[in-house]
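Report on the following structure.
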Amino acid sequence: MDYGKHRYEQDQKEKEARKKQSQITIKEIKMRPKISDNDYGTKSGHVRRFLKDGSKVRATIMFRGREMTHTELGRDLLDRLAADMEQLATIEAYPKVDGRNMVMVLAPFRDKTEKADKA
């Protein structure tokens, strides 16, 4: 077999494999522990849109000053967000404190049709 033909066929296989792969993007939403209900509704709407688009979402609660003594407020907020997004996503990384921030990652559910395509 001709080496040029072999190389061409390998390039075609690689090109086809690249077409089928999907890039996972991570979107970030930042909130403060004392967020108002209206602002929370807006932010959760953004999270819902990101999840429907198939992106993972990193929810970050930023603490300033004395707010660090009440990290349970941030935890409650992240739990509330997870409960609101229960139909769309699963928690990939549970809330953890990272310096002055508390971070949680939500990943969208994968459809059964996507699983069938990959198999």
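The values are calculated or read from the model by the stated rules, or taken from the named source; none is laboratory data. Since the structure is predicted, the reported quantities are computational estimates derived from the model, not experimental observations. When the accessible area is computed, the model is the full protein with side chains, heavy atoms only, and any ligands, DNA or RNA have been set aside. Shrake-Rupley method; radii C 1.70, N 1.55, O 1.52, S 1.80 Å.
Between VAL105, VAL47, VAL97, the residue with the greatest mean-square fluctuation in the GNM of the chain (Cα pairs under 10 Å linked by springs) is VAL97. Per residue, the chain exposes 74 Å² of accessible surface when a 1.4 Å probe is rolled over the protein heavy atoms with every protein chain present. Using heavy atoms of the protein chains and a probe of 1.4 Å, the accessible area assigned to MET102 is about 10 Å². Fully extending the segment from VAL97 to LYS15, taken as 0.36 nm per residue of separation minus the present Cα-Cα distance, adds 25.3 nm. Based on DSSP H segments of at least four residues, each scored -39500 (n - 2.57), the chain has a per-residue ellipticity at 222 nm of -15000 deg cm²/dmol.
The solvent-accessible area of ARG49, taken with every protein chain present and a 1.4 Å probe, is close to 120 Å².
Taking 0.36 nm per residue of separation and subtracting the current Cα-Cα distance, fully stretching the chain between ARG66 and GLU86 would add 4.1 nm. Between the amide H of LYS27 and those of LYS56, VAL57, ARG58, distances stay under 5 Å, these residues lying 5 or more places away or on another chain, with hydrogens modeled in the peptide plane. For the set GLU86, GLU67, the ranking by accessible area, highest first and with no ligand, DNA or RNA atoms included, is GLU86, GLU67 under a 1.4 Å probe. For the chain, which whole-number percentage of the solvent-accessible area (1.4 Å probe, protein heavy atoms only) is attributable to carbon and sulfur atoms? The computed percentage sits at 47.
Computed 3J(HN,Hα) for region 55-65, one whole-Hz value per residue from the Karplus formula 6.51 cos²θ - 1.76 cosθ + 1.60 where θ = phi - 60°, is 8, 7, 10, 9, 9, 10, 9, 9, 9, 10, x, glycine and proline marked x. Placing TYR40, TYR94 in order of accessible area, with the largest value first and a 1.4 Å probe, yields TYR94, TYR40.
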